[in-house]
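The values are calculated or read from the model by the stated rules, or taken from the named source; none is laboratory data. Note that this is a predicted model, so its numbers are computed, not measured. Every residue, glycine among them, receives a Cβ derived from its backbone with ideal geometry; neighbour counts consider all protein chains shown. Only protein heavy atoms, including side chains, enter the accessible area calculation; ligands, DNA and RNA are left aside. Shrake-Rupley method; radii C 1.70, N 1.55, O 1.52, S 1.80 Å.
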Amino acid sequence: ARLAALLGEEPADASRQSVGPPFRSQVTESAVPALIVFFIVIALYMTWRLEWKMAGAALLALLHDLLFTAGVYALVGFDVTPATVIAILTILGYSLYDTVVVFDKIQENVQERGDRHTYGAIVNMSMNQVLMRSINTSLTTLLPIGSLLFVGSYLLGAATLREFALALFIGVATGTYSSIFLAAPLVGMWKEREDH
């Protein structure tokens, strides 16, 4: 009523709404089908563009990123908000991009050197070629996210950014780790078991 009077409005025209647990449960219920559809579309695209073993390794890396981020998020005790869902979808896109860059380099090297090297050697060679790019990209992404998390939310008190920035920070770091240390070696192991 005081706000309506201050703005020169009638008190009857003003309303108040709050966001509580029912809204959070709706967001969570909507996020699960969205993630399932995301995984299906990504698996189909990667199978078409690369191959099914690379799609499987990429999905395992994405699952690793989700579980690790959710675990850290649960340990900290933050609530799931729409910003969290946005951050998690951003993480999945970022991690997937990094993994596709690695896999694309592996395919390029297989076409150029596949008759002279084993698949494991090609995976190692490809990782050496894209490693610095992946690390540099991740560091330049983590610096602004880190400043958003530590300076913005903790030092300056912008608590609304805390959930978003924490999920992004953990997710980008684990996404880089999983594309280098999980997805590429997994594809190498799977492909080494094939006939040449």
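Worth pointing out:
- Residue tally, condition of a type in the set (Phe, Trp, Tyr) and touching a residue at least 12 places away in the same chain (Cβ under 8 Å), over region 153-196: 3
- Search result, residues across region 154-196 that are among the small types (Gly, Ala, Ser) and under 17 Å from Pro144 (Cα atoms): Gly157, Ala158, Ala159, Ala165, Ala167, Gly171, Ala173, Gly175
- Boolean, Phe39 is open to solvent by less than 70 Å² (accessible area, probe 1.4 Å) and part of a loop (DSSP other than H, G, I, E, B): no
- Leading residue by the ranking (farthest from Glu29 (Cα to Cα)) among those in region 51-77 that are open to solvent by less than 30 Å² (accessible area, probe 1.4 Å) and among the charged types (D, E, K, R): Lys53
- Residue-level check: of (1) under 20 Å from Leu148 (Cβ atoms); (2) among the small types (Gly, Ala, Ser); (3) touching a helix residue (DSSP H, G or I) at 6+ places or on another chain (Cβ under 6 Å), Gly93 misses just (3).
Condition check ((1) within 12 Å of the chain's Cα centre (by Cα); (2) under 23 Å from Phe68 (Cα atoms); (3) among the small types (Gly, Ala, Ser); (4) modelled with pLDDT under 85) across all residues:
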residue	(1), (2), (3), (4)
Pro82	no, yes, no, yes
Ile86	yes, yes, no, yes
Glu112	no, no, no, no
Gly120	no, no, yes, no
Leu139	no, yes, no, no
Gly152	no, no, yes, yes
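- Search result, residues across region 6-32 that are open to solvent by less than 70 Å² (accessible area, probe 1.4 Å) and either modelled with pLDDT under 75 or part of a helix (DSSP H, G or I) (or both): Ala14, Gly20, Ser25, Val27, Thr28, Ala31
- Residue in region 42-65 that is closer than 28 Å to Ala159 by Cα, assigned to a helix (DSSP H, G or I), modelled with pLDDT of 85 or more and not aliphatic (A, V, I, L, M) present: yes
- Filtered residues of region 146-189 (kept if of a type in the set (Ser, Thr, Tyr) and more than 17 Å from Thr90 (Cα to Cα)): Ser147, Ser153, Tyr154, Thr160
- Put simply, of Arg116, Arg133, Arg162 the only residue that is under 23 Å from Thr84 (Cβ atoms) and of a type in the set (D, E, K, R) is Arg162.
- Checked against the criterion of being under 12 Å from the mean Cα position of the chain (by Cα) and under 18 Å from Val101 (Cβ atoms), the candidates Leu67, Leu62 yield just one match: Leu62.
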